[in-house]
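To start, the structure under review is shown below, and the notes come after it.
Every read-out reported here was derived from the displayed coordinates using simple, explicitly stated rules and does not represent laboratory data. Note that the coordinates shown come from a computational prediction; the quantities given were computed from them, not determined experimentally. So basically every Cβ, Gly included, is an ideal-geometry build from the backbone, and we count neighbours across all protein chains shown.
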Amino acid sequence: MIPPIRLGLRANARQFALLVVLNALVGALVGLERSVLPLIGKQDFHLHATIVVLAFVVAFGAAKAVANLAAGALAERVGRKRLLVVGWLVALPVPALIGVAPSWWWIVGANVLLGVNQGFAWSMTVVMKVDLAGPRRRGLALGLNEAAGYLGVAAAAFASGVLAGSYTPRTVVWVAAAAIIAAGLLLTAFVRDTASHARLENVSTPPDRRVLRSCSQAGLVNNLNDALAWGLAPLYLAAHGASVEQVAVVAAVYPVVWGAGQLVTGWLSDQTGRKPLIVAGMLVQAGALALLVAGSGRFTPALAAAALLGLGTALVYPTLLAAVSDAAGRARVRAIGIYRFWRDFGFVLGALLAGLVADASSSATAILIVAALTGASGLAVAATPFRSPPTERSSHARHRLSVRTPA
């Protein structure tokens, strides 16, 4: 007898847990680059212009943004699982390109493929978890998803930075990347498509475009400052005398706090509403970037700034995704793709802004400009009226529904 399809985390615990593990691997793959790739550009390829070093972030962000947009449309046509598999297959050449790269532009090319991998694979873990969870626990589901991804980023960033002290940094990156991609492809074979769960929810409300626009600008600015933390912060700390190990610690603390914090903030947004957490998170991020500059690159203030930046991002990241899902109505999959396009386009703008300003003026000036933009983004969200998230009562009837479908 074929079991009925039901919405909810408990009813779909096994598939949900599998998707959580998969997203941890997706995050770990990009986390390998967090602490060492900017230093590889300077040390292995003798790059002097910051904007050239940050070209890999521009390539990654542009490819991921376009892949996010495409994923929103393709998911309904080819299926969630197939697109997840494609995401991992696209990543297969990345370890080889990094390992044998004769020039920095091979690394940039590898990051184009990495961006497509992240756009397809991470987008599908988001969409599939939203499908499985239903409306009542959407924030919690996305908090668990993003926590797994960014704890994966943190673990890989720390491990690659520490191992780079004993082994060639490029060797660390390509060997670990190959292992992660193999594991991701293996686990994806056990994933089931979730389109039938999405049909069960049967959302018919029109999208709230004001909220979608507000969330998109906040997501863009959030990833703008993340690009700065990824590409410029290691160079800023190294220029002020930080060791490779210290850079690795700072690079890891940020996503550790970000990842672990989302275990709470996603659930909290279901209870208190999305808007207060988004506004608070953007303002905390702005303060963290200001603290980084005020500390003049010293290790202890940089560590505190990284923790605050992680806290602010934890408040914002799953909450924005949940708010978009709430506001998207019947256009949910496409709206998530559009939001993630604008959010990840922030990597492109952030890398370009950080690189150009750092080369023309200083890294500190670039960081302060991004801090000001982040604060202004939070105030823009504060001025936007939001819908309340779905409540237990309003969605109770929907969760009692079940359908039987063929395997």
remark   = Thr272 and Arg330 label points (each 7 Å along its Cα→Cβ direction) are spaced in nm at 3.5
query = Taking segment 73-171, which trypsin sites (Lys or Arg not before Pro) meet the DSSP loop condition and have no more than 14 other C-beta atoms within 10 Å?
reply = none
query = Taking a quarter of the surface of the convex hull around the Cα atoms of the chain, what do you get in nm²?
reply = 17.7
note = Shape descriptor, segment 98-248: equivalent ellipsoid semi-axes (Cα gyration tensor, sqrt 5λ, whole Å, largest first) stand at 34, 21, 15
request  = Hydropathy first: keep DSSP H helices in the chain averaging at least 0.5 on Kyte-Doolittle, then drop any whose Cα extent along the axis falls short of 18 Å, and list what survives.
outcome  = 13-31, 55-78, 104-133, 138-163, 169-188, 244-272, 275-294, 299-328, 332-360, 363-382
query = Using mean Cβ contacts within 10 Å as the protection proxy, how do 280-286, 299-305, 316-322 order, highest first?
reply = 316-322, 280-286, 299-305
query = Kirkwood hydrodynamic radius of segment 207-354 from all distinct Cα pairs, in Å?
reply = 15.6
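Give a quick list of trypsin sites (Lys or Arg not before Pro) in segment 251-346 that DSSP marks as loop, anything other than H, G, I, E or B, with at most 16 other Cβ atoms within 10 Å.
Sites meeting the loop and neighbour criteria: Arg298.
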query = What percent do you get for the relative contact order of segment 13-388 when only Cα pairs under 8 Å and 6+ apart count?
reply = 28
ask   = Do any of Lys42/Lys129; Lys81/Lys275; Lys129/Lys275 go past 28 Å between their Cα atoms, and which?
value = Lys42/Lys129; Lys81/Lys275
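Could you calculate the contour length gain from Ala360 to Thr300, that is, 0.36 nm times the residue separation minus the distance between their Cα atoms, to one decimal place in nm?
Contour length minus the Cα-Cα distance gives 18.8 nm.
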task = Please give the contour-minus-distance gain from Ser103 to His46: 0.36 nm per residue of separation, less the Cα-Cα distance, rounded to one decimal in nm.
result = 19.5 nm
